[in-house]
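J.: First, the structure itself, so that you have it in front of you.
The values are calculated or read from the model by the stated rules, or taken from the named source; none is laboratory data. Computed from a predicted structure; not experimentally measured. Cβ: placed from backbone, ideal geometry, glycine included. Neighbour counts: every protein chain shown. Accessible surface areas use protein heavy atoms only, side chains included; no ligands, DNA or RNA. Shrake-Rupley method; radii C 1.70, N 1.55, O 1.52, S 1.80 Å.
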Amino acid sequence: MTTRDRPGVLAGYRVLDCSIAMAGPFAAQRLGDLGADVVKVEPVTGEWQRHAAAGGASGNRINVSFLSLNRNKRSVAVDLKDPAGKEVLRRLVADADVFLQNYRPGVAARLGVDYASLAAINPSLVYVSISGYGEDGPYARRPGQDLLLQAMSGAMLSTGREGEAPRAAGQYLVDAVTASTAFEGVLAALLHRERTGEGQLVTVNMLDAITTLQMQELSVHTVGGLPQTRSEEPHAHVYIRAPYGAFRTADGFIVLAFPPLKTLGEIIGEDSFLTMEDEKHSWSHRDELFARTAARLLTRPSRHWLDAFETAGIWAGPVYGYAELVDDPQIRHNGTFVTYDHPTEGRVTVPGFPYKFSATPPRIDRGAPLTGEHTREILAEAGFDEATVEELLAAGTVVETQ
C-alpha cells in the first residue's frame, strides 16, 4: 500500500504541513486521520513543538505535545533558507493538494513559499495560511498566543464574579477552535476544487476564530443591546439565567443549568423560589438565586442531588477531572480514546476522532514521526534520484533520523 492508497475519506490527497505549535499541526492531523497523506515539512533541527514539552511530559524520543498533534504524518526535514532546500519544497508542491502554514507575517514571502509563488507552480493548490490576528492590519505582527487571544476575545469576562480577575479556559481554546476552522476551510476548498478544478488561498486567523465562536453571546450584545455584566456570585455565563454554574455539595461539586425555579425550590427546600417567575426573577435576582441554591446544595452529597434532579428532569451533572473522564462508561462506549503502539514511545492512549464515518472511518496508521524520518522516502517520491538525495543529505540541506 502506497501512502496515497491509505484508506479514508481523504485518501489520495497530499497535504504539506509547514506549520508549528498547535493550531496548524492539529488541523493537519485531522486531515491525516481521514486518510490524507500528510507530509510534515520541518526544519532540520525539528519543529518547535518537539522542544517544548507541555506539562513537562518529555517522552522517550518524542515529547507528548508533539506526539499528540502529529500522528498519521511523515516527516521530511529541510533547510528552507538554503536555495537547494527551497527547490526541494517546490518539487513537493508540484504534486501536493494542500499547503498549510502559520509563519509570522512576511516570512512566507521571504522564503518564496507565499500563495502567489506556489500557485504559479501548482494552480490547483489549496493554500491555507493561519495567523494570529490576520494577514495584515494594525495587529498583524503581534504574537498570536492562545491566552492573549482568549483575553482579547471578551470570553474571559463572560464568567466569574464581578470585580474578580478574569479566568482563562482550562484548554488551549483558541488554538483548538482555529485548528477546527482551518480543517473546515481545507475541506470546503477541496470540494470547490473538485467541482471547478480551481485552487485558492484560504486565510484563517485566531482572533476571528474565537470571536465568531461566540456567535450567540456577541449577538446578544450587538443586536440585543445587553451589556456583558458579571454577577457578585460566580455565575457561569453572563447571558444565561440563574442559577447556572458549578456548586459545591457535601462531598464534591455538581453543575446545574437554568432549572425551573419552582421545581428547584421544591427539590432543595427553598420556599422563596416557589413564587418566582423563570423569565423574570432568574435575571433580576441572579445573585440571590445563586447564593441560596449554593447554601442548600451543601447539605447533601452529589449523588443525592443528581438523582433528584434527573428524576425531575432538571439539567445537572457531575464535575469530572481527567481521571474520571477517561473512565466514564459513555466515553468507553464511544471509543473516544484510542490505544496504539508507537515505535519509540511504546503503547500510548490518546484522544481519538471527533467524527465517525460508516464507509471510511478514520484510523491511525502511524504515530508522530521523528525529525526527517521519511526524508529519503519522500524525496524519492518527488523524483529525486538517489545520488542527489545523498548530496542533499551530505550538505545538510535535508536530514533524516532513524
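J.: Can you list the residues of region 132-164 with backbone N under 13 Å from a point 7 Å past the Cα of GLN228, pointing along Cα to Cβ?
T.: Only 149-160 pass the distance filter.
J.: Would you check the accessible area of TRP283, probe 1.4 Å, heavy atoms only, in square angstrom rounded to 10?
T.: Near enough 110 Å² of accessible area.
J.: Which order do VAL326, VAL44 take by accessible area at a 1.4 Å probe, largest first? Before the final figure, lay out each step's value.
T.: Values: VAL326 75, VAL44 50 Å².
So, going from the largest accessible area down, we get VAL326, VAL44.
J.: Once fully extended, how much extra length lies between ARG347 and SER124, figured as 0.36 nm per residue of separation less the alpha-carbon to alpha-carbon distance?
T.: Details: separation 223, 0.36 × 223 = 80.28 nm, distance 3.96 nm.
Result for the pair: 76.3 nm of gain on full extension.
J.: Between the helical axis of 386-395 and the dominant principal axis of the chain, each derived from Cα atoms, what acute angle in degrees is found, rounded to the nearest 10?
T.: Rounded to the nearest ten degrees, it is 70.
J.: Any chance you could run the full-extension gain for MET156 through THR299? It's 0.36 nm times the residue separation minus the Cα-Cα distance, nm to one decimal. Intermediate results must be reported in sequence, preceding the final value.
T.: Numbers: separation 143, 0.36 × 143 = 51.48 nm, distance 3.09 nm.
Extra length from MET156 to THR299 when fully extended: 48.4 nm.
J.: Could you pull the accessible area for ARG61 with a 1.4 Å probe, rounded to 10 Å²?
T.: Taking all protein chains as shown, ARG61 has close to 130 Å².
J.: For region 306-402, what is the accessible area per residue in Å² when the probe is 1.4 Å?
T.: Working: 5860 Å² over 97 residues.
It amounts to 60 Å² per residue over region 306-402.
J.: Given Cα pairs under 8 Å that are at least 6 residues apart, what percent is the relative contact order of region 195-294?
T.: Numbers: 92 pairs, mean separation 21.3, N = 100.
For region 195-294, the relative contact order is 21 percent.
J.: Let me ask something else. Roughly speaking, to the nearest percent, how much of region 231-358's 1.4 Å accessible area is carbon and sulfur? Don't skip to the end; give the middle numbers.
T.: Working: 3980 of 7340 Å².
Carbon and sulfur together cover 54 percent of it.
J.: Let me ask another. How compact is the chain by the rule of thumb for globular proteins, expressed as Cα Rg over 2.2 N^0.38 Å? Spell out each step's value before the answer.
T.: Details: Rg = 25.3 Å, N = 402, 2.2 N^0.38 = 21.5 Å.
Dividing the Cα radius of gyration by 2.2 N^0.38 Å gives 1.18.
J.: While we're here: If each residue of separation counts as 0.36 nm, what is the full-extension length gain between TYR355 and ALA308 once their alpha-carbon separation is subtracted?
T.: Numbers: separation 47, 0.36 × 47 = 16.92 nm, distance 3.32 nm.
Computed gain between TYR355 and ALA308 is 13.6 nm.
J.: Cut-off 10 angstrom, C-alpha nodes, Gaussian network model of the chain. Which of LEU69, LEU100, LEU218 fluctuates the most?
T.: Comparing LEU69, LEU100, LEU218 in the GNM, the peak value goes to LEU218.
J.: Protein chains only, probe 1.4 Å: how do THR45, THR344, THR375 rank by accessible area, largest first?
T.: Numbers: THR45 100, THR344 35, THR375 0 Å².
In descending accessible area the options line up as THR45, THR344, THR375.
J.: Let me check against my output: what whole-number percent is the relative contact order of region 1-113, with C-alpha pairs under 8 Å and at least 6 apart? Display every interim value, and only then the final one.
T.: Working: 179 pairs, mean separation 35.8, N = 113.
Worked out over region 1-113, it gives 32 percent.
J.: Using the beta-carbon distance between ALA165 and ARG61 and R0 = 41 Å, what value does 1/(1 + (r/R0)^6) give for FRET efficiency, to the nearest 0.05?
T.: Details: r = 40 Å, r/R0 = 0.97.
Computed FRET efficiency for ALA165 and ARG61 comes out at 0.55.
J.: Keeping all protein chains in position, work out how much accessible area PHE99 exposes to a 1.4 Å probe, and write it in Å² to the nearest 10.
T.: Result for PHE99: roughly 0 Å² accessible.
J.: Quick check: net charge around LEU31, other residues with Cβ under 12 Å of its Cβ, Lys/Arg +1 and Asp/Glu -1? Please list the in-between numbers first.
T.: Working: positive: ARG6, ARG14, ARG30, LYS40, ARG71, LYS73; negative: ASP17, ASP33, ASP37, ASP97, GLU184.
Summing Lys/Arg as +1 and Asp/Glu as -1 gives +1.
J.: Considering only the chain, what is the antiparallel percent among its DSSP beta bridges, to the nearest 5? Before the final figure, lay out the partial values.
T.: Details: 16 of 39 bridges.
Counting only bridges with both partners in the chain, antiparallel ones make up about 40 percent.
J.: If you don't mind, there's one more thing I want to ask. Using the basic label-point model (7 angstrom from Cα toward the beta carbon), what is the GLN402 to THR263 distance in nanometres?
T.: Those two pseudo-labels are separated by 6.7 nm.
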